[in-house]
Amino acid sequence: MKKKIMALVLAGIMILGGCSGNTDSASEDTEKDSTQKSSQEVKEVTILTGPSGGTMEIVGAATIELFKAAMPGTEFSSVPSTGSAVNVKLMDNKEADMAIITADTLAAAINGEEPFEETYPDLMSMCALYPNTMQLWALPSSGIQDFADLKSKKFTCGQFGGGPYQPCMNMMKTYGFTLDDIEASGGEMTPLAWGEATNSLQDGNIDAVFWTTSFPAAGIVNAAVGKEFSLVQINEEKLKEYTETYEGWVDITIPAGTYEFQKEDVKTIGTPNLYVVSRDMPEDVVYEMTKAICENYDVLGTSHALLKSLSDETITQGVVGEIHPGALRYYKEKGINVS
């Protein structure tokens, strides 16, 4: 197991260099694995989550306990990663069996859109978990009133391959500017991990943080102690244009008071975090994992506040691409809407 985890870490580092399509060897592996395995062959399932200590890792750990109880003969393990884009590549390279991937990233992978250069048809949805919400926090002294103001400011939207990076690039396109324009205007997009981002905002080393995450984001709540931040309202027309252009996003409102410094509702958008499995995952294995989640909503709700809203009504909301036959069989048996 230690060797496999190290291989995943090294593979993730290499993938951060770009999201081009399969290598020849990976293509050969795909051809070999194109037929679905039998459940008896599945003795170990590796699940990719997200940044260490983040919500994705916590949710992954909680669901794995349910999977272990449902299938005691199978070993389940979770591996943290830098985010959804890297998870797509690691799954495609057969380095993992399933992963938490945001709906917008899965849609881009299936359609061969940025940051991907090829399509990834072997990734299938199992279920929806909770949304990642687009949020922009800024220092009031920076004068940032909209996303457009970032053009001349120092800010971060994470690292390439992480969850918020591509949405930030897409929003820049929506507003009509690029990283080169930012540099020319005296601004700077500094690639930082989540912990570095919140610390830098707290210390005043950057003007703003753009991220896609849950709310309230614990890192921001902690960083705001004794500080004054603002939750910036992104132009609503631009948000509408964004959702019309990029698949996998829905309207969300962050209620006033979610953060101590937030006095009014903030309208934004979010993309669901999905459990994504390989097409060749045995149908009965995916069926049992789906069942384990759907019959233990109450247990999952105690592991993280974001999972308290999980229900038969939300478990398929926002899924993109094809639903794996194993999950589909469970949903049909229980009369859960999959449209």
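The values are calculated or read from the model by the stated rules, or taken from the named source; none is laboratory data. Bear in mind the structure is a predicted one, so any value in this text is a computation, not a measurement. With ideal geometry, Cβ positions are generated from the backbone for all residues, glycine too; neighbour counts draw on all protein chains shown.
Under the condition of being within 15 Å of Tyr242 (Cα to Cα) and part of a strand (DSSP E or B), the residues counted in the range 105-154 number 3. For the range 268-322: of the residues being closer than 30 Å to Leu239 by Cβ and of a type in the set (Gly, Ala, Ser), which is modelled with the lowest pLDDT? Restricting to residues being closer than 30 Å to Leu239 by Cβ and of a type in the set (Gly, Ala, Ser), the top hit is Ala305. The number of residues in the range 288-308 being assigned to a helix (DSSP H, G or I), over 17 Å from Val277 (Cα atoms) and of a type in the set (Asp, Glu) comes to 1.
Checking each residue in the range 309-326 for being in contact with an Asp or Glu (Cβ under 9 Å, 6 or more places away or on another chain) and either part of a helix (DSSP H, G or I) or among the aromatic types (Phe, Trp, Tyr) (or both) picks out Pro325, Gly326.
Does Ile144 satisfy the condition of being β-branched (Val, Ile, Thr), more than 17 Å from the chain's Cα centre (by Cα), under 26 Å from Asp265 (Cα atoms) and not assigned by TED's automatic domain parsing to the domain that holds Val299? Here the answer is yes, as Ile144 does meet what is asked.
Can you name the residue in the range 55-89 that is acidic (Asp, Glu) and modelled with pLDDT of 90 or more and, of all such residues, is farthest from the chain's Cα centre (by Cα)? The residue in question is Glu75.
Let's see how each residue does on (1) at pLDDT below 95; (2) surrounded by fewer than 17 Cβ atoms within 10 Å (Cβ to Cβ); (3) on the phi > 0 side of the Ramachandran plot; (4) touching a Phe, Trp or Tyr at 6+ places or on another chain (Cβ under 9 Å):
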{"site": "Asn199", "(1), (2), (3), (4)": "no, yes, no, no"}
{"site": "Asp203", "(1), (2), (3), (4)": "no, yes, no, no"}
{"site": "Asp207", "(1), (2), (3), (4)": "no, no, no, yes"}
{"site": "Phe215", "(1), (2), (3), (4)": "yes, no, no, yes"}
{"site": "Leu231", "(1), (2), (3), (4)": "no, no, no, yes"}
{"site": "Glu247", "(1), (2), (3), (4)": "yes, no, no, no"}
{"site": "Thr253", "(1), (2), (3), (4)": "yes, yes, no, no"}
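Among the residues of the range 221-235, the one identified as in a strand (DSSP E or B) and of a type in the set (A, V, I, L, M) is Leu231.
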